[in-house]
1. Just to compare against my own numbers: the Cα pair-distance distribution for the range 388-428, 10 Å bins, whole % per bin, please.
2. For the range 386-523, how big is the tail of P(r) above 18 Å, as a whole percent of Cα pairs?
3. Compactness ratio of the range 531-577: Cα Rg over 2.2 N^0.38 Å, N = residue count?
4. Would you indicate which of (i) -0.60, -1.01, -1.39; (ii) -0.65, -0.94, -1.44; (iii) -0.88, -1.07, -1.23 is the value of log10 I(q)/I(0) by the Debye sum over Cα atoms at q = 0.07, 0.10, 0.13 Å⁻¹ derived from the coordinates of this structure?
5. Positive end of the dipole of the chain, charges at C-beta (+1 Lys, Arg; -1 Asp, Glu), about the Cα centre: which of GLY331, LEU157, GLN475 has its Cα farthest in that direction?
6. Roughly how many Å² of HIS24 are accessible to a 1.4 Å probe, to the nearest 10?
7. Can you give me the % of accessible surface on the chain that is carbon or sulfur? Probe 1.4 Å, all protein chains present, nothing else counted.
8. Dipole magnitude of the range 164-264 about its Cα centre, charges +1 at Lys/Arg Cβ and -1 at Asp/Glu Cβ only, in debye to the nearest 20?
Amino acid sequence: MYPKVKRVRRGDRVYEYLELVEGHRVDGQVRQRVVAKLGRLDELTATGRLEQLVAGLARLDSPPVGTRREVGPLLLVTHYLNRLGLTEIVDDTAPMRGRASATHGEIIAALVANRLCGPAPLYDVAGWATSAAVAELIGVPALLLNDDRLGRALEALAPVAEQVRCQLLLRAIETFAVADASRLHLDLTAVRFAGRHTDSALVAKGWAADRSFGRQVKTLQATTTTGVSLYFRPHKGSANELPAFTAALDALRACLPAGLVAVADSGLGYLTTLCALDTAATRFVVPLRADTGWAQRFRADAGTLDALAELDYRSQREQHLPPDRRTVYKGLLRPFTVTDRQTGQHRLRVAYIHSSEEAASVTEARERTLTHAETALTRIRNGLGGRYYKTKTQVDTRVAKIIGPHIADLITVTTGPARHGKPSIHWQRNHDAITAAAQLDGLYALATNLPDPPNRELTALDVLTVYKDQWIVEQRHRDLKQTLKVRPIFLHNDDRIEALIAIIGIALLIYGLIEAELRHALGPDTPLPGLLPEHRAAIPTSRAVLTAFHGLHLTYTPTGPHLDRLTPPQRAILAHLDIPLPWPEKTN
């Protein structure tokens, strides 16, 4: 059965009619029989019915025997899309107007699958779907994933993106045991954009974590201790960290039950903000900023680093190192009362933590800064009397740029007026000031309002252990930019940019669920045999799990689609995740 265009001449005009015909044999010869007359082609096109007919036929069309489609990691991704109910959630929050060939929810589900199975810039999604089993697993034919329909779906998602995020967060918590939202680790990262974006409310020039400056959108992520990214939202590229953190925490408190523990970096470490969190009954572990005066309170309360006791803590990356090469942590937990004008008095606690690795890093950085400054001053001295340093004013201007406020007390520079045709310059290090600055090298303060655990008191080790899990959300940032290949982004419409970031957040949620559930099923620190190339065993990561399914295809046979034979790692992954096969395997 197939469509056919029939031309009919009436006078000087030619009309085209669309018919559905089928072939049959009469006396051994093939004849065509009209099954249905669908209407005039120009009228079908003008009313949009032609597109609906084509889409309907595409859903019914069965590929010929021998056709192969790539299943790959789409087998896993579809399972989690269905468990989250993404299509239904999007369709409920962004319903279609009238009849449609594909709903917004189906298009968004296909885009999430594309991000996980074939990550690339947002173009030629239909080309990817043509070779992949998108129609078979998600139910969306490739020809429906054209640029216009993708754009309409993105623009429909943008106004309800926050609502979709919250509903998916709740669905994940209800459905998956590994999505425990009692403690969330928050962090910001920047996604760079190319182009001008002059009127954008999202894309703006700003500083990134690597101290580079460029057009970007900042994204905030909240991740569980098991690595599941439950919340992911965009912010303007020039936005400060504090408003982004507070907006995310307000949204999370509105979605989640009381008792949330938030762990973040020093962008949240303002005393006023921490007092507001304490008032809102939000628990936290956050490093204090230097301008909060914690160093002075440490000197008054504890005195020196000798007051700190050694902590029995080893980071994950140092588990296999000999004791003499591991970082030594020392800590002390002390009361830290703060009085806020608006919220009153707050009885917080601070864990003063000293890291030998951090101390060595700070010492080396100070020495590099001083050496760099002395090298620059030497260049000034060698150029005295030249075109750039003829007067004392010129020398002072350049010295002020070299000696920043962070080393102004550590080195003394003296300049003199021009004599005999050139000014003078001398400098020396202030060794007493350097020694005083080095007294607290490697020390930082973790503010918290965590209660005491059952039957014992809270310790500095407890606070440090909670904070050190911050690497989990930082790992998800790397997955965002490397595995999911969020860059480059070619969109220029703010609604589409916001919707694409929401899609990436959904992909990160599924990415984390796959890894967390598989690790939970295997057991703590248990490797999966044959996961890596050369049949090596490894503790599973989502990246390795998705890669293990590359190359898996289905083939259309006279009896229906059949999967290629599964490899042992593929079979083990599906068994641990309780994912059934949608089609039978090929027999040898």
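The values are calculated or read from the model by the stated rules, or taken from the named source; none is laboratory data. Bear in mind the structure is a predicted one, so any value in this text is a computation, not a measurement. Backbone-built Cβ (ideal geometry, glycine too); neighbour counts: all protein chains shown. Side chains included, ligands, DNA and RNA excluded: accessible areas come from the protein's heavy atoms. Shrake-Rupley method; radii C 1.70, N 1.55, O 1.52, S 1.80 Å.
1. Going from the shortest bin to the longest, the percentages are 30, 51, 17, 1.
2. 77
3. So the Cα radius of gyration is 1.32 times the expected 2.2 N^0.38 Å.
4. (i)
5. Working it through, the farthest residue towards the positive pole turns out to be LEU157.
6. Per-residue accessible area (HIS24): approximately 50 Å².
7. After summing per-atom areas, the C and S share lands at 50 percent.
8. With only Lys, Arg, Asp and Glu charged at Cβ, the dipole is about 360 debye.
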